[in-house]
Amino acid sequence: ESEVKDLFKSYAQVMDQHKTDLIDDVFTEKFITGAGGKKELEMKIKELPLRKSNSVNASVKIKQGAKDKDIIFAKLKEATQLKGNKETYSHSDFIIKREDGKLKIDGTISDGE
């Protein structure tokens with residue numbers, strides 16, 4: 001579980017702070033290829049708004065794959081501060097696989113409900 005939380009800390013650095021040097025540590029080769037390759041993925045990430053990472057306000061629930069124990073399903077719930085100290089939550093479901101001895105994001109089931 002701590003390995004999954006560390007993965008999502010790196011994910012937040014990539015997506016929120018545009019630390020694209022971590023792409024190979026966060027995403028599987030299959031995911032990167034499916035996104036159009038590393039250069040294309042970097043461009044997509046850099047188009048996202050920069051923001052302070054919310055990984056401190058995130059919770060992760062994980063579930064082992066039933067048929068394939070190398071697959072983990074993870075639900076990430078993030079809190080975002082709005083004006084007037086109100087919080088809103090977003091949920092994203094990820095497919096995580098072990099690649100080169102490290103857990104990496106292989107895809108999403110849902111994104112930002």
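Things worth noting here:
- Between residue 73 and residue 102, the simple spin-label model (points 7 angstrom out along Cα→Cβ) gives 2.6 nm.
- Out-of-range pairs (alpha-carbon distance over 28 Å; input 44/67; 38/67; 46/77): 44/67; 38/67
- Relative packing of peptides 7-13, 18-24, 44-50 - highest average C-beta neighbours within 10 Å first: 7-13, 18-24, 44-50
- Chain lengthening between residue 59 and residue 38 when straightened (0.36 nm per residue, less Cα-Cα): 4.8 nm
- Counting Lys and Arg as +1 and Asp and Glu as -1 over every other residue whose Cβ lies under 14 Å from the Cβ of residue 20, the net charge comes to -2.
No value in this document is a laboratory result; all are computed from the given coordinates. The model shown is predicted, which means the values in this text are computed figures rather than measured ones. Backbone-built Cβ (ideal geometry, glycine too); neighbour counts: all protein chains shown.
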